[in-house]
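Working notes, structure below.
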Amino acid sequence: MSYFPPKTSTQALESESDRDEVQTGATPAEVISLANVAFGYSRKRLVLQDLNLSICRGEFLTLLGPSGCGKSTILNLIAGFYAPLAGRVTHGGEPIKGPSARRGVVFQSNALFDWMTVEQNIAFGFRFQSTSKYESRQRVKTIIELVGLRGSERKYPYELSGGMRQRVAVARSMVVQPEILLMDEPFAAVDVQTREGLQEELLKLHEQVAGAILFVTHSIEEAVFLSDRIIILDRNFGGIAHDISIHLPTPRYVAMNRVSEEFNHYRTDLYLKMKAIS
C-alpha cells in the first residue's frame, strides 16, 4: 500500500486494535446504537419492534434474513434516510437526524455519474470536505490501486463492466473514510465469479481503511465469508432471531476459507437457523 494516511500512525494503530478486539472478544468502541427501535410504514404494520443493536468500530456486521424482515430498513435508519417511530438511533452517542458524510452508503445500483471518469467519480466526495488537493489525489490514487482499477482512471462508466462499476462505487464511498460503510446487497447484480472477487477485495480494503461495515445480503455464503458477526432477523416479530460471531482463519480474504471446515460448519448452522424461521 502506497498511501492511506489520512490517518495518523496513532489512528492506524487504533484501527488495527479495533479489529483485534472484534476477533478476540474484547469490547471496542461503539459506533452505532439502535435502542428499543420501532419502525413501520404505518403503526398498524411494524417492520421492526423493540430492536436493540450495537455496531462497534472496526466491526464487519452482516444482516441476514428473509425478504421483508427489515434488513434494508435498519440500514436506511442508520443512514439517516428514515426516522424511527419509537426508540433511538445514534452515531457516536448523538442522535441521527439525517444523512452524513460520516456514514457512507453503497447500494446494489452503483449510481455513478455517467459524465465523470472513474477518477472523478471516486474523488467526488472530497467536494464536501476540507481535504487538501494533494491529499485527496493521493487517496484516490491509492484506492484505485487497491480495487484493481489502475489503467482505468480516465474511463467513463459506460466503458466499464458491471464488476468494475461496483468497484468504483465502493472506492468512492471508502476513499473519504467514513466511520461506517453501509452496503445494501452491493454485489447481487454481478455473476458469481465477479462477486467472489469483489468480496475478497472488500475484505482487503477493510484491512486498509478504518471503519465499521454494515452489510445486507440474502446469501449465507457471502455473510459467512465476509463477517465478524451475523445478525439473523425474523420478520414474524420484527427483531433479532440470532446473533452469531464468525471466527475464520486470517487473513479473511483468502479464497481457501470458502472450502474450510469452519466455513462449512457456519454455513450449515446458519442454513438450519434460517429454515427454522422461514
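The values are calculated or read from the model by the stated rules, or taken from the named source; none is laboratory data. All of these numbers come straight from a predicted model, not from anything done at the bench. Note that we place each Cβ from the backbone using ideal geometry, even for glycine, and neighbour counts take in every protein chain shown. In case anyone asks, the SASA skips ligands and DNA or RNA and just uses the protein heavy atoms, side chains included. Shrake-Rupley method; radii C 1.70, N 1.55, O 1.52, S 1.80 Å.
Students often forget the sequence filter, so: which lysines lie under 28 Å Cα-Cα from Lys155 once same-chain residues fewer than 8 apart are removed?
Lys155 reaches Lys133, Lys141, Lys204.
Within the chain, what whole-number % of the accessible surface is contributed by carbon and sulfur, with the 1.4 Å probe and all protein chains included in the calculation?
Roughly 49 percent, rounded to a whole number.
Answer with a single label: of [x] 23.8; [y] 19.3; [z] 20.2, which was calculated as Kirkwood radius over Cα pairs in Å from the structure in view?
Answer label, from the structure shown: [y].
Roll a 1.4 Å probe over the protein chains and send me the accessible area per residue for the chain in Å².
I get 48 Å² per residue for this part.
Starting from 0.36 nm per residue, how many nanometres of slack lie between Ile277 and Tyr156 once their C-alpha separation is accounted for?
The Ile277-Tyr156 span can extend by a further 39.1 nm.
Dipole size in debye (nearest 20) for the chain around its Cα centre, Lys and Arg Cβ +1, Asp and Glu Cβ -1?
920
Pull up the DSSP beta bridges for the chain and report the antiparallel fraction as a percent, rounded to 5.
Antiparallel: roughly 55 percent of the beta bridges in the chain.
Could you tell me whether segment 126-278 comes out rounded, prolate or oblate from its Cα gyration tensor? Rule is a ≥ b ≥ c as square roots of the eigenvalues, rounded for a/c under 1.5, then prolate if a/b exceeds b/c, otherwise oblate.
Since a/c reaches 1.5 and a/b is larger than b/c, the shape of segment 126-278 is classed as prolate.
Toward the positive end of the charge dipole of segment 113-153, about the Cα centre and with charges on Cβ (Lys, Arg +1; Asp, Glu -1), which of Ser130, Leu149, Met116 goes farthest?
Farthest towards the positive end: Ser130.
So what's segment 81-205 giving for Cα Rg divided by 2.2 N^0.38 Å, two decimals?
That ratio works out to 1.11.
For His218, His265, His91, give the ranking by accessible area with the largest first, probe 1.4 Å.
Descending order: His265, His218, His91.
Please get the size of the charge dipole for segment 174-278, origin at its Cα centre, with Cβ charges of +1 on Lys and Arg and -1 on Asp and Glu, quoted in debye to the nearest 20.
The dipole magnitude comes to about 220 debye.
Would you mind working out the magnitude of the charge dipole of segment 99-164 relative to its Cα centre, with +1 at each Lys and Arg C-beta and -1 at each Asp and Glu C-beta, to the nearest 20 Debye?
260
What relative contact order, as a whole-number percentage, does the chain give when Cα pairs under 8 Å and 6 or more residues apart are counted?
24
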